[in-house]
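A quick write-up on the structure given underneath.
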Amino acid sequence: MLKLSGEALMGDANYGIDPKVIAQYAYDIKAVTDLGVQVAIVIGGGNIYRGMNEVDTGIERAQGDYMGMLATVINGMAMQSGLEKVGLYTRLQSAIKMEQIAEPYIRRRAIRHLEKGRVVIFGGGTGNPYFTTDTAASLRAIEIQADVILKGTRVDGIYTADPEKDKTATRFETITFTEVYQKSLNVMDMTAFTLCQENKLPIIVFDMNRQGNLLSVIMGKNVGTLVKG
């Protein structure tokens with residue numbers, strides 16, 4: 001399960017989708033699927049709309065969350081287009097029914113698509129407000145019996161502090177779920193993280209914006225941070 005940040009799709013812009021980022025992601029994902037690896041994807045929607053701050057937007061939380069879910073479907077469509085341009089077969093499934101553009105999410109159908117070598121993109125979050133796309137990624141990963149969640153971010157792993165603010169921060173190569181709790185490190189939202197821990201689903205946090213990193217992670221190279229145990 002590959003979890004991508006919506007903000008990463010902006011590239012150097014302040015909003016929207018950068019075609020160069022989509023193209024890089026598509027080539028990186030193709031390099032992995034060419035090895036026979038089954039890939040499912042969940043993408044955030046923060047590059048289009050973030051529905052979490054009612055005070056700033058004036059839009060109630062539940063309504064804003066539904067708007068954010070629609071943004072994830074837009075990003076899923078963009079990623080689907082990019083993947084198909086490099087020759088991959090894809091399916092976009094949405095937790096919110098919109099039959100003209102996406103299949104409804106059906107667990108067994110998603111698994112069957114993966115078995116046939118198709119890349120499955122899950123849009124619409126969980127279909128419920130008050131849950132993040134991190135939680136959607138964890139939930140779908142457990143449902144399809146994924147081996148690992150690969151969380152692609154702008155940072156190359158989990159650090160002792162925010163490396164963009166603290167130059168003395170050091171990166172963990174591996175860390176346990178318990179240590180993440182004890183050190184109050186920000187990996188995923190707590191619901192998503194707890195789901196992974198309870199279901200013994202490891203997480204690898206890595207820099208998706210560096211071309212070739214995804215393949216390196218799949219090949220077992222020392223890229224990013226592994227959370228397990």
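The values are calculated or read from the model by the stated rules, or taken from the named source; none is laboratory data. All values derive from a computational prediction rather than experimental measurement. Cβ placement follows ideal geometry from the backbone for every residue including glycine, while neighbour counts extend to all protein chains displayed. These accessible areas exclude ligands, DNA and RNA; they are computed on the full protein's heavy atoms, side chains included. Shrake-Rupley method; radii C 1.70, N 1.55, O 1.52, S 1.80 Å.
What the table below lists for this structure:
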{"read-out": "Filter result for the condition that a residue is open to solvent by 50 Å² or more (accessible area, probe 1.4 Å) and touching a residue at least 60 places away in the same chain (Cβ under 8 Å), over R61, R140", "value": "R61"}
{"read-out": "Boolean, D134 is touching a Phe, Trp or Tyr at 6+ places or on another chain (Cβ under 9 Å), in contact (Cβ under 8 Å) with a residue 12 or more places away in the chain and not in a helix (DSSP H, G or I)", "value": "no"}
{"read-out": "Residues (touching a strand residue (DSSP E or B) at 6+ places or on another chain (Cβ under 7 Å), assigned to a loop (DSSP other than H, G, I, E, B) and open to solvent by 40 Å² or more (accessible area, probe 1.4 Å)) located in segment 143-171", "value": "R154, D156, T170"}
{"read-out": "Filtered residues of segment 19-56 (kept if more than 15 Å from T90 (Cα to Cα) and open to solvent by 60 Å² or more (accessible area, probe 1.4 Å))", "value": "P19, K20, L35, R50, M52, N53, E54, V55, D56"}
{"read-out": "In segment 210-229, the residues that are β-branched (V, I, T) and either free of Cβ contacts under 8 Å to residues at least 12 places away in the same chain or not in a loop (DSSP other than H, G, I, E, B) (or both)", "value": "V217, I218, T225, V227"}
{"read-out": "Filtered residue count, segment 102-127, keeping only those that are touching a residue at least 40 places away in the same chain (Cβ under 8 Å) and either in a loop (DSSP other than H, G, I, E, B) or of a type in the set (V, I, T) (or both)", "value": "7"}
{"read-out": "Filter pass, E99 being among the acidic types (D, E), farther than 14 Å from I43 by Cα and not in a helix (DSSP H, G or I)", "value": "yes"}
{"read-out": "Count of residues meeting criterion [assigned to a helix (DSSP H, G or I) and among the aromatic types (F, W, Y)] in segment 1-48", "value": "2"}
{"read-out": "Yes/no for Y15 being at pLDDT below 95, of a type outside the set (D, E), open to solvent by 20 Å² or more (accessible area, probe 1.4 Å) and touching a helix residue (DSSP H, G or I) at 6+ places or on another chain (Cβ under 8 Å)", "value": "no"}
{"read-out": "Residue check, V205 touching a helix residue (DSSP H, G or I) at 6+ places or on another chain (Cβ under 6 Å) and either assigned to a strand (DSSP E or B) or within 15 Å of V155 (Cβ to Cβ) (or both)", "value": "no"}
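Listed here are the residues, each with its yes/no results for (1) at pLDDT 95 or above; (2) open to solvent by 20 Å² or more (accessible area, probe 1.4 Å); (3) hydrophobic (A, V, I, L, M, F, W, C); (4) within 19 Å of I29 (Cα to Cα).
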| position | (1), (2), (3), (4) |
| --- | --- |
| A71 | yes, no, yes, no |
| N75 | yes, no, no, yes |
| S81 | yes, yes, no, yes |
| Y89 | yes, yes, no, yes |
| Q93 | yes, no, no, yes |
| K97 | yes, yes, no, no |
| I106 | yes, yes, yes, no |
